[in-house]
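The block underneath contains the structure these notes are about, expressed in C-alpha cells.
The values are calculated or read from the model by the stated rules, or taken from the named source; none is laboratory data. In this text the structure is predicted, and so the values were computed from the model without any measurement. Here Cβ is always computed from backbone atoms with ideal geometry, including for glycine, and neighbour counts include all displayed protein chains.
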Amino acid sequence: MMYLLDVNALVALGFINHEFHDRLASWVQSHDSPRLASCSITELGFVRVLAQAPSYGFSVTQARTLLLHLKETRVSPLAFIPDAHDVSHLPTWVRAPKQITDGHLTKLASANSAMLATLDENIPGSYFIPK
C-alpha cells in the first residue's frame, strides 16, 4: 500500500522536533518502510508551515532544502503523485471550507491506488496514523 502523507504528517515526519515526529517514525518503522508519497499540495504546505511558524524558525529556502533532503534520503524515497484533479473531484462529504484540502487529497490518493495517511481521525476514507 502506498500512503499519501497529508501536510501535518509530512511535517511531523520531516521535522524531528515536531510533537508527533516519534509517532510518525514508529509507524514508518513498524510497517517495514511503507511506500510514502507527497504531492504538490503537501509539499507546498510543508514549506509554508515550516517557514510561517516562528516556533519552527525556518526560512522558505531552509524548509525547501529539508524537504528535498527528506525526499531523497529515506530508505524508501518519497514518491511524488502528480495532481491533475480539479474541483469536480471533491467528494460529496466536503461541506465546510476546512474540509476542501482533505477531500481533495483523499480523492487524489484513491485515484493513484494510495490512501491518505493523516494525524486527523475525522477524514472519511483516510488512514489514521495510530498513536
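Can Arg48 be described as surrounded by fewer than 18 Cβ atoms within 10 Å (Cβ to Cβ), modelled with pLDDT under 95 and either within 14 Å of the chain's Cα centre (by Cα) or aliphatic (A, V, I, L, M) (or both)?
Details: surrounded by fewer than 18 Cβ atoms within 10 Å (Cβ to Cβ): yes; modelled with pLDDT under 95: no; either within 14 Å of the chain's Cα centre (by Cα) or aliphatic (A, V, I, L, M) (or both): yes.
Answer is no for this residue.
Which of (1) over 20 Å from His85 (Cα atoms); (2) modelled with pLDDT of 95 or more is the odd one out, the single condition Val28 does not satisfy?
The failed condition is (2).
Considering only region 115-131, how many residues are surrounded by 14 or more Cβ atoms within 10 Å (Cβ to Cβ) and either among the β-branched types (Val, Ile, Thr) or outside any strand (DSSP E or B) (or both)? Don't jump to the end; show me each part of the working.
Taking region 115-131 first, the residues surrounded by 14 or more Cβ atoms within 10 Å (Cβ to Cβ) are 115-119, 123, 125-127, 129.
Still in the list and also either among the β-branched types (Val, Ile, Thr) or outside any strand (DSSP E or B) (or both): 118-119, 123, 125-126, 129.
Result for region 115-131: 6.
Taking the conditions exactly as written (over 12 Å from Ile129 (Cβ atoms), among the basic types (Lys, Arg) and assigned to a helix (DSSP H, G or I)), does Arg48 satisfy them or not? Outline the logic, then answer.
Numbers: over 12 Å from Ile129 (Cβ atoms): yes; among the basic types (Lys, Arg): yes; assigned to a helix (DSSP H, G or I): yes.
Yes, satisfied.
Pull out all pairs, ordered by first then second residue, where Cβ-Cβ is under 6 Å, the residues are six or more apart or on different chains, the first lies in region 110-131 and is within 17 Å of Met1 (Cβ to Cβ), and the second is at pLDDT below 95 and buried (at least 17 other Cβ atoms within 10 Å of the Cβ).
Here the result reads Ile129/Trp27, each pair linking region 110-131 to a residue that is at pLDDT below 95 and buried (at least 17 other Cβ atoms within 10 Å of the Cβ).
A quick yes/no check of all residues on (1) within 16 Å of the chain's Cα centre (by Cα); (2) within 21 Å of Pro124 (Cα to Cα); (3) assigned to a strand (DSSP E or B):
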| site | (1), (2), (3) |
| --- | --- |
| Asn8 | yes, yes, no |
| Ile16 | yes, no, no |
| Leu36 | yes, yes, yes |
| Leu67 | yes, no, no |
| Pro91 | no, yes, no |
| Gln99 | yes, yes, no |
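Yes/no matrix, rows are residues, columns are (1) among the aromatic types (Phe, Trp, Tyr); (2) loosely packed, with under 12 Cβ neighbours inside 10 Å; (3) at positive phi; (4) free of Cβ contacts under 8 Å to residues at least 40 places away in the same chain:
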{"position": "Thr61", "(1), (2), (3), (4)": "no, yes, no, yes"}
{"position": "Leu66", "(1), (2), (3), (4)": "no, no, no, no"}
{"position": "His69", "(1), (2), (3), (4)": "no, yes, no, yes"}
{"position": "Leu78", "(1), (2), (3), (4)": "no, no, no, no"}
{"position": "Leu90", "(1), (2), (3), (4)": "no, no, no, yes"}
{"position": "Pro97", "(1), (2), (3), (4)": "no, yes, no, yes"}
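Name, by its number, the condition in (1) under 21 Å from Met1 (Cα atoms); (2) surrounded by fewer than 11 Cβ atoms within 10 Å (Cβ to Cβ) that does not hold for Thr106.
(2) is the only condition that Thr106 fails.
Looking at region 31-48, I want the residues that are on the phi > 0 side of the Ramachandran plot and have a partner that is surrounded by fewer than 24 Cβ atoms within 10 Å (Cβ to Cβ) with Cβ atoms under 7 Å, at least 6 apart or on another chain. Which pairs are those?
Cβ pairs passing all conditions: Ser33/Val75; Ser33/Ser76.
Basic (Lys, Arg) and over 18 Å from Phe20 (Cβ atoms) - does that describe any residue in region 63-84? Step through it out loud before you land on a result.
Quick first cut of region 63-84, residues basic (Lys, Arg) only: 64, 71, 74.
Going one step further and asking which of them are over 18 Å from Phe20 (Cβ atoms), we end up with 64, 71.
Yes, there is a match, as at least one residue in region 63-84 is basic (Lys, Arg) and over 18 Å from Phe20 (Cβ atoms).
Does region 24-45 hold any residues that are in contact with a strand residue (DSSP E or B) (Cβ under 7 Å, 6 or more places away or on another chain), crowded, with 19+ Cβ neighbours inside 10 Å and closer than 15 Å to Phe128 by Cα, and which are they?
Taking region 24-45 as the starting set, the residues that turn out to be in contact with a strand residue (DSSP E or B) (Cβ under 7 Å, 6 or more places away or on another chain) are 34-39, 42.
Checking the rest, the ones that are also crowded, with 19+ Cβ neighbours inside 10 Å come to 36-39, 42.
If the condition is that a residue be in contact with a strand residue (DSSP E or B) (Cβ under 7 Å, 6 or more places away or on another chain), crowded, with 19+ Cβ neighbours inside 10 Å and closer than 15 Å to Phe128 by Cα, then Leu36 is the only one that fits.
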